[in-house]
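A short worksheet on the structure shown next.
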């Protein structure tokens, strides 16, 4: 028990809130596989299943940051593996532009990330989450785009 | 040099024959230096038309507004509308055609070339003139403006008082037109394109955030940038809950359950979100007419924000908005060679 607490909390006690938009056909199944394979990975992500990474609206990303997410992950099928054949190619272009815009206004680089995780890559999903949480813990809570609501 | 008499004669001819419903052009304003947009419906009024460096507005906006008005009036007049379009305006029209906002037959584009000099930046001109007040500005040769003030006319090098966007202009000549007046001159190239963006990118993340946070904090959310943008034609705007259409059969529940993506208060976080939503919606559509920046009452450098993604479109995806109405739009197309290394 003591060991679990140690891995879940660092010295500052900051636990990042991560919103993960996972494609229903690959990444969502990949996260399931990580779970059923009993892989240990940080539990900071709120998974939201979307039908395709191509259906990902930039509004979702901006809105998540506005509502206080410390990090946003978009994850879809590898290029060529899309259930809808080319949805992830559209996503790649769109997410690239969103990332450039967020960087330009000065949001920390590490807060927004995209990954390709297939349904068979439970271990990769665990690794992606682990890296993301580690990186965000280093930069601390997201305050720049967060709305100040009572 | 553009011959305004020919432009007037052409507009007059169109209206006399009745082949167009309205001619959108510029006329001398009664308030200040800059020309005002005019919708001309009578052949006799065609003599009011002007074209000089004070014609800064993007008239593509009036095509969009005209479409809305025609729908509201339930007009069955299917005649095309004519519009006076500079290089940048013609690109805006091309983007609207690309998006099937209206058909090619419904618009008669009267292209005007702003040639070597482009249009004037009223703020730069006021700074240059000091306490003298500019009353009129005219083309003066290939690289100067003749500025008339209360103390007489003087010639000013165009590069000194030209709008920022004109300095970087890559196609001053209309790319899409039914008739063109003025000499074809494609590239002005006084400044390297995207230089302001490139300088900003070199700054540190903290500096950039400090800069933008100051800008967004100032925003009043008057939505002038949205109103003046020919690309912001949606009836319902995601960032503005009062624009949601309420039909007679919209239930109270539907009204209550509409997603409010952002609050309407001009808080920094909400304004940041608003400007970013607008920037991302303009990715690959913004033709750099810089009207948003011109109309901003608090001088937010919106052109800098919008050209960030234009630079990406141009340099990474080799996409130049408004170059070809047949081309798919930036975000509705992809290539196998698109950047992939940023994805883990």
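At 222 nm, what value in deg cm²/dmol follows for chain B if DSSP H runs of at least 4 each add -39500 (n - 2.57) and the sum is divided by all its residues, to the nearest 500?
-10000 deg cm²/dmol
Pick from B:119, B:295, B:228 the residue whose mean-square fluctuation is largest in a GNM of chain B, springs joining Cα atoms under 10 Å.
B:295
State whether the protein assembly as shown is rounded, prolate or oblate according to the following rule on the C-alpha gyration tensor (a ≥ b ≥ c being the square roots of its eigenvalues): a/c under 1.5 gives rounded; otherwise a/b larger than b/c gives prolate, and the remaining case gives oblate.
Judged from the Cα gyration tensor, the protein assembly as shown comes out prolate (a/c at least 1.5, a/b above b/c).
Just B:156, B:93, B:259 to compare: in a GNM of chain B, with alpha carbon springs under 10 Å, which one fluctuates most?
B:259
Over chain B, what is the relative contact order in whole percent, taking alpha-carbon pairs under 8 Å and six or more residues apart?
Once normalised by length, the contact order is 16 percent.
Most fluctuating residue of B:171, B:269, B:75 in a GNM of chain B with Cα springs under 10 Å: which is it?
Maximum among the listed residues: B:75.
Report the FRET efficiency, 1/(1 + (r/R0)^6), for residue B:104 and residue B:257, where r is their Cβ-Cβ distance and R0 is 35 Å, rounded to 0.05.
0.30
Just want the ordering: B:296, B:222, A:23, from fewest to most Cβ atoms lying within 10 Å of their own Cβ.
Lowest count first: B:222, B:296, A:23.
In square nanometres, what is one fourth of the surface area of the convex hull spanned by the alpha carbons of chain B?
20.8
Which of A:145, B:309 has the fewest other C-beta atoms within 10 Å, and how do the rest follow up to the most?
Least to most surrounded, the residues fall as B:309, A:145.
Calculate the mean, over all residues of peptide B:201-208, of how many other protein chain Cβ atoms lie within 10 angstrom of the residue's Cβ.
Mean partner shielding for this stretch: 3.
Pull out a ≥ b ≥ c, the square roots of the eigenvalues of the alpha-carbon gyration tensor of segment A:18-150, then state rounded if a/c is under 1.5, prolate if not and a/b is larger than b/c, and oblate in the remaining case.
oblate
Okay, helix-only estimate at 222 nm for chain A: each DSSP H run of n ≥ 4 adds -39500 (n - 2.57), divide by all residues, round to 500 deg cm²/dmol; what do you get?
-13000 deg cm²/dmol
Please report Rg over Rh for segment B:193-336, where both radii come from the alpha carbon positions and Rh follows the Kirkwood definition.
1.00
Which whole number of Å³ per residue matches the convex hull of the alpha-carbon atoms in segment B:1-191?
In segment B:1-191, the Cα convex hull volume per residue is 118 Å³.
With 10 angstrom as the radius, rank A:78, B:69, B:101 by how many other C-beta atoms surround their C-beta, starting from the fewest.
B:69, A:78, B:101
Relative to a virtual label point 7 Å from the Cα of residue B:329 in the Cα→beta-carbon direction, which members of segment B:45-85 show backbone nitrogen distances below 19 Å?
B:60-68
Once you have the Cα-Cα distance between residue A:138 and residue A:123, take 0.36 nm times their residue separation minus that, and quote the gain in nm to one decimal.
Going from the current span to full extension adds 3.1 nm.
Relative contact order of chain A, please, whole-number percent, based on alpha carbon pairs below 8 angstrom and at least 6 residues apart.
35
Bear in mind these aren't lab numbers, they're just calculated from the coordinates by the rules spelled out. Being a predicted model, the structure only gives us computed values, none of them experimental. Glycine also receives a Cβ, built like all others from the backbone with ideal geometry; neighbour counts cover every protein chain displayed.
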